[in-house]
Amino acid sequence: SKLAALFEHPLYNIPIPEVTEKDKLFVINPMEKFSLRSSRSDEWVSSSKAETLLPTGKTAYDTYPTWLKFHVGINRYELYPRWDPLLPTLLQDLATQRIISSVQKSGGTQLKLIMTFPNYGQALFKPMKQTRDQETPVDFFYFSDFERHNAEIAAFHLDRILDFRRIPPVSGRLVNITKEIRDITTDKKLAKTFFISPAGNICFYGECSYYCSTEHALCGKPDRLEGSMAALLPDKTLAKRRSWRSPWRRSYHKSKKAEWELNPNYCARVRETPPYDRGHRLLDLIDMTILDFLMGNMDRHHYETFEKFGNDTFLLHLDNGRGFGTHSRDELSILAPLQQCCSIKKSTYLRLQLLATQPYRLSDLLREALATDPLAPVLAEPHLRALDRRLGKVLVEVGHCLAR
């Protein structure tokens, strides 16, 4: 396994700083027992003390379902550890746990559903909108592109291979539209949008600001539909998140350009503006830029951080559905922060160099990681080959900076 060899490499074993209590997202009471019977509230852990006897040798933590252990494990430095024993179980839960509730997620331009499991875990479901081999048409604006379920799955694994670990775990899943959405939804607005197509397939379209109409309906075959299931982060009432506008945000206008596209010295101003004037925030943003360039995602207008950790923490790389839309074109403008600032983390640069070598070729690693997903093959081969080409271009850009 190339993947196992990669994660054993010294560059993937650089220790993180010691995690103190204040570096943890949640400080838990070791006597707090998770009990399904008493957790019908929105609380993420039950209020019943572990007075009831636990099985011999078990702690209260052992009673937590996997999604809750994932939430409890989040700290200032990482969303989940490199060698996370929970990860395979969490991915399996996302792919197989019985769905007991499906409601539409509010906001956003395209339809997404929040699925709930019997153990109170929740996942964000993004349905399949186009096939693996369809490329985004060349005349499409980036902001009118579809969100792709397979891009969400591939982005999670790519983010992990780059050792960023800033995307919540995502698994592919085949969902039965009738039994797992229509028949169990309590969302009246969503329920009104189901119909049977002339071909006899079950379809629905929900309510949203762009692609929610009969012309853009999501249809099963006859009621089986592919989608991505992403583990939800802790509720914002329990762990506040701050949304930051990206300094290299695109204009989202058909003819206007953003300031960074017109001013080659734009980075100098960013460097003087909080939170980019201190710490590693700018370098973290450049990490995110490299991830986006590798998957061709032009739609990174915001990013988020956990408020508890202030500015000294990682960025959350959420909403990656507009990645992996084109394999035949490389959008170099995505790399503007790297090109204009000429800065990169040494650890990131060394790992990128490693991923360009034959034993650790990036496309091979991602292909291997995606082979275990229930919807494999997740990416068409041309997308995997494009990764190696784009990685070469990132290294060329860093080379120009070093020469300068």
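At q = 0.18, 0.20 Å⁻¹, what log₁₀ I(q)/I(0) does a Debye calculation on the Cα points of region 164-289 give, no solvent, two decimals?
Reported log10 I(q)/I(0), two decimals: -1.06, -1.15.
Which value in deg cm²/dmol, rounded to the nearest 500, describes the helix-derived mean residue ellipticity at 222 nm for the chain, given -39,500 (n - 2.57) per DSSP H run of n ≥ 4 and division by the residue count?
Numbers: 12 runs with 115 residues, N = 404.
One gets -8000 deg cm²/dmol as the mean residue ellipticity at 222 nm.
Ratio of the chain's C-alpha Rg to 2.2 N^0.38 Å, to two decimals?
1.01
Quick check: at a probe of 1.4 Å, how many percent of the accessible area of the chain sits on carbon and sulfur atoms?
54
Using only C-alpha atoms and all pairs of different ones, pull out the Kirkwood radius for region 78-178 in Å with one decimal. Mind showing how you got there, number by number?
On the way: mean 1/r = 0.0652 Å⁻¹.
Every distinct Cα pair counted, the radius reaches 15.3 Å.
Given a 1.4 angstrom probe, what's the average accessible area per residue across region 254-383, in square angstrom? The partial results should precede the final answer.
Numbers: 5420 Å² over 130 residues.
I get 42 Å² per residue for this part.
Scaled to the compact-protein estimate 2.2 N^0.38 Å, what is the alpha-carbon radius of gyration of region 241-403, rounded to two decimal places?
Dividing the Cα Rg of region 241-403 by 2.2 N^0.38 Å gives 1.07.
Structure shown: which of Lys179/Lys221; Lys126/Lys254; Lys346/Lys393; Lys257/Lys345 lie over 25 Å apart, alpha-carbon to alpha-carbon?
Beyond 25 Å: Lys126/Lys254; Lys257/Lys345.
Give the accessible surface of region 84-130 per residue, rounded to a whole number of Å², with probe radius 1.4 Å and ligands, DNA and RNA excluded.
Here the per-residue accessible area is 39 Å².
Considering only DSSP states other than H, G, I, E and B, which GluC sites (Glu not before Pro) in region 222-286 qualify as loop sites with at most 10 other Cβ atoms within 10 Å?
Of the GluC sites (Glu not before Pro), the ones in loops of region 222-286 whose Cβ has at most 10 other Cβ atoms within 10 Å are Glu272.
The values are calculated or read from the model by the stated rules, or taken from the named source; none is laboratory data. As the structure is a computational prediction, the values presented were derived from the model and not from experiment. Methodologically, a virtual Cβ is constructed for each residue, glycine included, from the backbone with ideal geometry; neighbour enumeration extends over all protein chains shown. These accessible areas exclude ligands, DNA and RNA; they are computed on the full protein's heavy atoms, side chains included. Shrake-Rupley method; radii C 1.70, N 1.55, O 1.52, S 1.80 Å.
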